[in-house]
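A.B. asks: What follows is a structure written as structure tokens; I'll ask about it next.
The values are calculated or read from the model by the stated rules, or taken from the named source; none is laboratory data. Quick caveat, the model's predicted, so the values are computed rather than measured. No Cβ is skipped: glycine too gets one built from the backbone with ideal geometry, and neighbour counts run over all protein chains shown. Surface accessibility is based on the protein's heavy atoms, side chains included, excluding ligands, DNA and RNA. Shrake-Rupley method; radii C 1.70, N 1.55, O 1.52, S 1.80 Å.
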Amino acid sequence: MNYPPYKDIYLLHQTIALHAERDPDATAFRFQDESISYAGLYEQASRLSSVLYQLNIQPGDRVGIFVFKSLHTAISVYGILSAGAVYVPLDPLMPESRLTRIICDCNLEVIISERSRLPILRKAAANARRLRAVIGVENSGDEFEGITWSDVSSQPASHTRPVSVVEEDLAYIMYTSGSTGVPKGLMHTHKSGLSYAKQSAHTYGLSPSDRLGNHAPLHFDMSTMEYLAAPLVGATTIIVPEDHTKIPVSLAQLIENEKLTIWYSVPFALIQLLLHGLLHERNLSSLRWIIYGGEPFPTKYLKELMVLFSNARFSNSYGPAEVNQCTFYHIPATENYSDDSVPIGKPWGNTQVLVVDEQDNTVAPGETGELLVRSPTMMLGYWGQQEMTARSVFIDCDKYGVEKKFYRTGDLVCARPDGELLFMGRKDRQIKSRGYRIELDEIESALYRCDGVQEAAAYGVDGTDGSQSIESAVILKNGANLNSSTLKKLISAHLPTYALPQRITIMSEFPRTGSNKIDRLALARSIGGQKQTA
Amino acid sequence: MSNEKSLSMENPALKIIEFIKQEILDNDVDIDIGEKDNLLQLNLIDSLGVMRMVDFVKREFDVIIPPEDITIEHFRTADLLCRYVLAKRA
């Protein structure tokens, strides 16, 4: 596919300027019953960038976005980029201590927020004195200056101010929870963001007539599809309100009413839609792509969804937030699925992958190893963490001293004979128990095979003998008549004895991360290792 | 309708909030939840919490919520759910 209009674009915010000129009235973003056109978004972003200039925000400075989803989310992203600054999405529900830590970590002097967040902002400002202005709230004599959106709208829109930014400069910093509990900021550039947007637009054939549902919040990396790739092609993004993401019937209504053509989310959201969305009562034929990522999709639910959405194509997207996305697998409608998981596929354009062993030597085809990725979609590094950044890459140096930099994903993969990569679990999800090497994902898929199991999680628990034991937890479907001993009996048909969990706890819900992935660490902490009562 | 059930109809919105605090938020007594707070946006209840609310409403108020009524219009706030329950019992 050819993209002649985009060939001169090298900065992310140039995309909305392009469409403001080519198709000014086309809708860029929708939220509830409000819409903003590309021309409107360009105007508002320019006004916001004027306010940022007046606040003495320089190119490269970081500006936080601490709002619930709304049209202001999109205006904030593009206003900050237009000023040459770097946007930092912040979970609006994050606790004050984490907010304070991030404000100090990347030196946020200005945050775009809303009135409902004022109590927590005041607390954070008291602890992190550098915060000096908040856009989106009234000035109320706080520690920081307040600037309302109507103040922003009354600014002249100045499109001509020169900003010295090149594609290698930072565009956004996304904080993820680190394995040690300290949040780490992934630095992405205009180049890495645009490279992702271009590959994504190409892989899914995005066009101006597409209507994308934005399920992920801005602070979750999957949102870059809607916030960066959709504006590249001039498509419309429908921002899904937080409350719809919790109520499957309302979410299905929104998909139908807004005639979404592209859906992109974690499997959890799709499974909830399947189980509780009353999909049979809806006409969802507008959907042409259902793309999922973030974690493997239990195949039995995937199969049911593919029958229900027979008009749509399904695709598994894969890539750690550090590289945005790097592989894809378009799921053939005709494939005869076993319970093996769906491949993560092959690398998309302009991307090289290696599968290596513990010594960083390439493994033989079909053998399992860690996936390394080289692509312009890759982050610049972790903010303020040079050592961590250095550890996250593998430098392949040829005999002429030319270096190739790969990101170490920590994910284990193996190639099928046809070259499609299979995800084999996290490098750190593989545990050793009594000398045996055990994949926790294997235990989960065995539990999923049991009729009556809605969700399953397996995790390692440190034992007193230095070895790990495996435990698991399940959520049963309504009315399922199962207990832990019958479950154990059922999965023992698929697993070697040493891989059987010591305990299966039946729960009504799991702890989850902000992006709705099962929080297995929290599970292991809350119930793992406790004495069994029966 | 039994006497017991009608007694429990005193201030259903507060009972709903009490249930969220004690059962869904695991006895979080410090949290302040208003009748008109957006329970979903504030992540006080998630999709699984909604299912537990449905069970609770059946148990506590003798109202069965059919799947098609499990929508944001009825679950966004304690006040909206309370209105729904009262309308169903009227």
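A.B. asks: Limiting things to C-alpha atoms, what are the Rg and the maximum Cα-Cα separation (Dmax) for chain B, in angstroms?
C.D. replies: 12.3, 36
A.B. asks: Could I ask something else about it? Work out the length of the dipole vector of the range A:38-193 about its Cα centre, built from +1 on the beta-carbon of each Lys and Arg and -1 on the beta-carbon of each Asp and Glu, and round it to the nearest 20 debye.
C.D. replies: On the way: 15 positive and 15 negative charges, 64 e Å.
Dipole about the Cα centre, nearest 20: 300 debye.
A.B. asks: To one decimal place, what orientation-averaged projected area in nm² is obtained for the convex hull of the Cα set of the range A:205-313?
C.D. replies: Numbers: hull surface 24.8 nm².
Orientation-averaged projected area of the Cα hull: 6.2 nm².
A.B. asks: Nearest 5 is fine: what % of DSSP beta bridges in chain A come out antiparallel, could you say?
C.D. replies: Working: 54 of 91 bridges.
For chain A, the DSSP antiparallel bridge percentage is about 60.
A.B. asks: Let me check I've understood the local charge: for A:LEU260, count other residues with C-beta under 15 angstrom from its C-beta, Lys and Arg +1, Asp and Glu -1. What total comes out? Spell out each step's value before the answer.
C.D. replies: Values: positive: A:ARG30, A:ARG211, A:LYS259, A:ARG282, A:ARG288, A:ARG313; negative: A:ASP210, A:GLU226, A:GLU256, A:GLU258.
Once positives and negatives cancel, what remains is +2.
A.B. asks: Over 25 Å between Cα atoms: which of A:LYS246/A:LYS477; A:LYS184/A:LYS300; A:LYS259/B:LYS88 fall into that group? Before the final figure, lay out the partial values.
C.D. replies: Numbers: A:LYS246/A:LYS477 18 Å; A:LYS184/A:LYS300 35 Å; A:LYS259/B:LYS88 32 Å.
Those over the limit are A:LYS184/A:LYS300; A:LYS259/B:LYS88.
A.B. asks: Counting Lys and Arg as +1 and Asp and Glu as -1, each charge on the Cβ, what is the dipole of chain A about the Cα centre in debye, to the nearest 20? Could you put the intermediate results ahead of the total?
C.D. replies: Values: 51 positive and 59 negative charges, 141 e Å.
Its charge dipole is roughly 680 debye.
A.B. asks: Here's something else I'd like to know. Give the average, rounded to an integer, of partner chain Cβ atoms located within 10 angstrom of each Cβ in A:508-516. Mind showing how you got there, number by number?
C.D. replies: Working: counts 6, 7, 1, 0, 3, 0, 1, 0, 2.
Counting other chains' Cβ atoms within 10 Å and averaging over A:508-516 gives 2.
A.B. asks: Shifting gears a bit: Could you pull the Cα extents of the range A:70-153 along its three principal axes, largest to smallest, in whole Å?
C.D. replies: 30, 26, 21
A.B. asks: Mind giving me the nanometre distance, one decimal, between the label points for A:ASP25 and A:TYR10, set 7 Å out from Cα along Cα→Cβ?
C.D. replies: Inter-label distance under the simple model: 3.5 nm.
A.B. asks: Kindly rank B:30-39, A:264-273, A:89-98 from highest to lowest mean number of other beta carbons found within 10 Å of each residue. List each step's numbers first, then the result.
C.D. replies: Details: B:30-39: 14.4, A:264-273: 22.8, A:89-98: 17.6.
Result, highest mean first: A:264-273, A:89-98, B:30-39.
A.B. asks: Going by average Cβ neighbours within 10 Å, how do the peptides A:298-306, A:53-61, A:75-83, A:36-44 rank, with the highest at the top? Display every interim value, and only then the final one.
C.D. replies: Values: A:298-306: 17.3, A:53-61: 15.1, A:75-83: 27.1, A:36-44: 21.2.
So the order, starting with the most tightly packed, is A:75-83, A:36-44, A:298-306, A:53-61.
A.B. asks: Run lengths n ≥ 4 of DSSP H only: what is the helix-derived mean residue ellipticity at 222 nm for the protein assembly as shown, with -39500 (n - 2.57) per run over all residues, to the nearest 500?
C.D. replies: On the way: 20 runs with 186 residues, N = 624.
One gets -8500 deg cm²/dmol as the mean residue ellipticity at 222 nm.
A.B. asks: Mind pulling the per residue volume of the convex hull built on the Cα atoms of the range A:274-417? Å³ is fine. Write out the running numbers ahead of the final one.
C.D. replies: Numbers: hull volume 22.3 nm³, N = 144.
Output value, Cα hull per residue: 155 Å³.
A.B. asks: Just which residues of the range A:278-308 lose 40 Å² or more accessible area with every protein chain there, against their chain alone, with the probe set to 1.4 Å?
C.D. replies: A:LEU278
A.B. asks: Let me ask something else about it. So if R0 is 45 Å, what FRET efficiency would A:ASP418 and B:LYS88 give, r being the distance between their Cβ atoms, rounded to the nearest 0.05?
C.D. replies: Working: r = 56 Å, r/R0 = 1.24.
It comes out at approximately 0.20.
A.B. asks: Sticking with this one: Using only alpha carbon pairs under 8 Å that are at least six residues apart, calculate the relative contact order of chain B and give it in whole percent.
C.D. replies: 35
A.B. asks: Out of every Cα-Cα pair in the range A:3-130, what percent are more than 20 Å apart? Display every interim value, and only then the final one.
C.D. replies: Values: 3949 of 8128 pairs.
Everything past 20 Å amounts to 49 percent.
A.B. asks: Still on this model: Near A:ILE16, within a Cβ-to-Cβ distance under 14 Å, what is the net charge of the other residues, with Lys and Arg +1 and Asp and Glu -1? Each step should come with its number before you reach the end.
C.D. replies: Working: positive: A:ARG22, A:ARG47; negative: A:GLU21, A:ASP23, A:ASP25, A:GLU43, A:GLU226.
Once all neighbours under 14 Å are counted, the net charge is -3.
A.B. asks: Mind checking the log10 I(q)/I(0) for the range A:219-261 at q = 0.16, 0.27, 0.32 Å⁻¹? Debye, one equal scatterer per Cα, no solvent, two decimals.
C.D. replies: The computed values of log10 I(q)/I(0) come out as -0.48, -1.02, -1.09.
A.B. asks: Considering only A:ASN481, A:SER116, A:ILE57, whose Cα is most displaced toward the positive end of the charge dipole of the protein assembly as shown, charges sitting on Cβ of Lys, Arg (+1) and Asp, Glu (-1)?
C.D. replies: So the residue we want is A:ASN481.
A.B. asks: What's the average, rounded to a whole number, of partner chain beta-carbon atoms within 10 Å of each residue's beta-carbon in B:45-58?
C.D. replies: Working: counts 2, 7, 15, 10, 3, 6, 5, 2, 0, 0, 2, 0, 0, 0.
Across B:45-58, the average partner-chain Cβ count within 10 Å equals 4.
A.B. asks: Taking 1 over the mean of 1/r across every pair of different Cα atoms in the range B:49-90, what Kirkwood radius in Å do you get?
C.D. replies: On the way: mean 1/r = 0.0987 Å⁻¹.
For the range B:49-90, the Kirkwood estimate is 10.1 Å.
A.B. asks: Under a crude label model (7 Å from the Cα following the beta-carbon direction), how far is A:ASP357 from A:ASN139 in nanometres?
C.D. replies: About 6.8 nm, to one decimal.
A.B. asks: How many times 2.2 N^0.38 Å is the alpha carbon radius of gyration of the range B:27-79? Mind showing how you got there, number by number?
C.D. replies: Details: Rg = 11.4 Å, N = 53, 2.2 N^0.38 = 9.9 Å.
Normalised by 2.2 N^0.38 Å, the Cα Rg of the range B:27-79 equals 1.14.
A.B. asks: At a 1.4 Å probe radius, carbon and sulfur cover how many percent of the accessible area of the range A:60-154?
C.D. replies: Accessible surface attributable to carbon and sulfur in the range A:60-154 totals 44 percent.
A.B. asks: To continue, here is another question. Be a star and scan the range A:357-383 for residues whose amide nitrogen sits under 11 Å from the point 7 Å along the Cα-to-Cβ vector of A:ASP396.
C.D. replies: Output list for this probe position: A:361-363, A:372-375.
A.B. asks: Over the Cα atoms of the range A:104-227, what Rg and Dmax result, in angstrom?
C.D. replies: Just the Cα atoms of the range A:104-227 yield Rg and Dmax of 17.8, 50 Å.
A.B. asks: Sticking with this one: If r is the Cβ-Cβ distance from A:GLU304 to A:ASN283 and R0 is 25 Å, what FRET efficiency results, to the nearest 0.05?
C.D. replies: On the way: r = 18 Å, r/R0 = 0.73.
My answer for the efficiency is 0.85.
A.B. asks: Next question. Using only protein heavy atoms and a 1.4 angstrom probe, determine the accessible area buried between B and A, summed over both sides, in Å² to the nearest 100. Walk me through the numbers on the way to the answer.
C.D. replies: Details: alone 5670 and 23440 Å², together 27370 Å².
So the buried area, both faces added, is about 1700 Å².
A.B. asks: Another question about this same structure. Dipole magnitude of the range A:219-301 about its Cα centre, charges +1 at Lys/Arg Cβ and -1 at Asp/Glu Cβ only, in debye to the nearest 20? List each step's numbers first, then the result.
C.D. replies: Values: 5 positive and 8 negative charges, 52 e Å.
The dipole of the range A:219-301 has a size of about 260 debye.
A.B. asks: Where does the range A:162-261 land on Rg(C-alpha)/(2.2 N^0.38 Å)?
C.D. replies: Numbers: Rg = 15.7 Å, N = 100, 2.2 N^0.38 = 12.7 Å.
The range A:162-261 yields a ratio of 1.24.
A.B. asks: Then there is this: Relative contact order for the range A:252-298: what percent, with Cα pairs under 8 Å and sequence separation of 6 or more? Show your work: numbers first, answer last.
C.D. replies: Numbers: 47 pairs, mean separation 26.6, N = 47.
The normalised contact order for the range A:252-298 reaches 57 percent.
A.B. asks: Using just the C-alpha positions of the range A:249-296 as equal point scatterers, what log10 of I(q)/I(0) does the Debye formula give at each q in 0.30 1/Å?
C.D. replies: Values returned for q = 0.30 Å⁻¹ are -1.24.
A.B. asks: Work out the P(r) tail for the protein assembly as shown: percent of alpha carbon pairs separated by more than 41 Å, whole number. Provide the component values of the computation, followed by the final result.
C.D. replies: Numbers: 53433 of 194376 pairs.
The proportion of pairs with Cα distances above 41 Å equals 27 percent.
A.B. asks: Relative contact order of chain A: what whole-number percent is it, with Cα pairs under 8 angstrom and at least 6 residues apart? Before the final figure, lay out each step's value.
C.D. replies: Working: 1075 pairs, mean separation 49.4, N = 534.
About 9 percent, as a whole number.
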